[in-house]
Amino acid sequence: MKQVSLKIKNVSKVFKDFKGNEVRAVDNISFDIRPGEFVTLLGPSGCGKTTTLRMIAGFEKPTDGMILINDVNVVDIPPWKRDTAMVFQSYGLFPHMNVAENIAYGLKMRKVPKEEIEKRVNAILKVVGLEGFGERPPSSLSGGQQQRVALARALVVEPSVLLFDEPLSNLDVLLREQMRVEIKSIQKEVGITAIYVTHDRTEALTLSDKIVLMKSGKIEQIGSPDEIYEKPVSKFAAEFMGKINFFPIEIVEILSDKTVVRLNGVVYEIPTHPTSKSEKYVLGCRPEGLKLSTKGAVKGVIKTIVYLGNLSEYYIDTQYGEIMVKVLPPFDKNFVEGKEVYIEVMPEIAKIIADD
């Protein structure tokens, strides 16, 4: 497979609504994708991620900006000449063709010789774990197997860039988990540059080398999965990437290697600095960044305990609303529902975030 770079430069897309008013679906975004990198466009519905993917594919034309594949601007090049391939949410398999014929369809359209088609189809069936399934009709396959056929059909034409439009949303939970691992494995094996659209943060964290988090047509944050999760630049980024608790704090002092903050009279030394300037700040704490104690900064009452085997979730009523704390075994039997308890912050994994 070819490995190519992709650059999105100052790209915008403006639509007109039914009243003729302009709507900026994508608003002046820029990001780079390295050859062979797996990048996910992540965000809520209406954030512009699918429109961005459609512009890369050529199904929509940007109002402004450039889309460069290997430094060639493809904005005016039609979809079928862009050397990209799309894996859609619906599998889109032809029911009157068997698996091999479905996979071979794009090669036939490209006038590839019959012997070469057979060789490439057999090779890609092996890559996606469907060796021996070539003669079967799509209707005889499970949802996960059909999605692998759709992936094979996209890969077999050896595109420069592979595009995924929420391909796992129609699968059940267990199958989605399995397919995430398979897609990641196959993408790394063939080494293709890939762009994946989803609103599911777990998919983004599992699959991505890099995440582009979008909000209202703009890019909120770009980074590796661990950077986005552990170092959110805003309350939106922090909340979208998973459960998080916020506590209003006072900044006491900002030093070269840490920030001293005060929460309910308790002073903490946080080994990072605020993500941006603001008049007010909060301390962002993931549930695993808190612990139950007989003393601490936040007092509450245990409302509910949810046992999950490898951990328990404690839901605690406090002056800041309901706070969730994840606790690993062994579990302290003194902390029961209805019990008064304190919540202690682990400063080494807490984040100071502007209260926007």
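Readers should treat all values here as calculations from the given coordinates under stated rules, not as data from a laboratory. Computed from a predicted structure; not experimentally measured. Every residue, glycine among them, receives a Cβ derived from its backbone with ideal geometry; neighbour counts consider all protein chains shown.
A few comments on the model shown:
- Estimated D of the range 79-221 in µm² per second, where Rh is the Kirkwood radius over Cα pairs and Stokes-Einstein applies at 25 °C, 0.890 mPa s: 155
- Gyration tensor (alpha-carbon) shape descriptor, the chain, a/c threshold 1.5: prolate
- In the range 243-354, Cα pairs under 8 Å separated by at least six residues give a relative contact order of 32 percent.
- Within a straight-line Cα-Cα reach of under 25 Å, residue 126 can be paired with the following lysines, leaving aside sequence neighbours fewer than 8 residues apart in one chain: 2, 108, 111, 114, 184, 188.
- Relative contact order for the range 6-230, counting Cα pairs under 8 Å that sit 6 or more residues apart, in percent: 29
- Given 15 as the ceiling on other Cβ atoms within 10 Å, longest exposed-site-free region of the chain for GluC sites (Glu not before Pro) in DSSP loops: 136-278
- Using θ = phi - 60° in the Karplus curve 6.51 cos²θ - 1.76 cosθ + 1.60, the 3J(HN,Hα) couplings for the range 70-81 round to 6, 6, 9, 6, 9, 4, 9, 9, x, x, 6, 10 Hz; x is entered for Gly and Pro.
- Close amide-amide hydrogen proximity is noted between residue 220 and 213, 214, 215, each under 5 Å apart and 5 or more residues distant or on a separate chain (H modeled in the peptide plane; Pro and chain starts excluded).
- Karplus-derived 3J(HN,Hα), 6.51/-1.76/1.60, for each residue of the range 151-156, Hz, glycine and proline x: 5, 4, 4, 6, 6, 5
- Computed magnitude of the charge dipole of the range 243-354 (debye, nearest 20; Cβ of K, R +1, Cβ of D, E -1): 100
- Across the range 190-204, rounded Karplus estimates of 3J(HN,Hα) from the backbone phi angles (6.51 cos²θ - 1.76 cosθ + 1.60, θ = phi - 60°) give 8, x, 7, 6, 9, 10, 10, 9, 7, 9, 9, 5, 5, 4, 4 Hz, Gly and Pro being marked x.
- Straight Cα distances below 20 angstrom link residue 61 to the lysines 7, 9, 13, 16, 49, 81, 218, with same-chain residues fewer than 8 positions distant left out.
- In this Cβ point-charge picture (+1 for Lys and Arg, -1 for Asp and Glu), the range 1-64 has a dipole of about 120 debye about its Cα centre.
- Taking the charge dipole of the chain about its Cα centre, with +1 at Lys and Arg Cβ atoms and -1 at Asp and Glu Cβ atoms, the residue from 207, 103, 52 reaching farthest to the positive side is 103.
- Only the Cβ atoms of Lys and Arg (+1) and of Asp and Glu (-1) were treated as charged; on that basis the dipole of the chain about its Cα centre amounts to roughly 760 debye.
- Using alpha-carbon coordinates, inclination of helix 99-109 to the longest axis of the chain, degrees: 70
- Farthest toward positive dipole pole in the range 279-326 [+1 Lys/Arg, -1 Asp/Glu at C-beta], among 296, 282, 309: 296
- Whole-number D in µm² s⁻¹ for the range 243-354, Kirkwood Cα-pair radius fed into Stokes-Einstein, 37 °C, 0.692 mPa s: 227
- Relative contact order for the range 141-251, counting Cα pairs under 8 Å that sit 6 or more residues apart, in percent: 18
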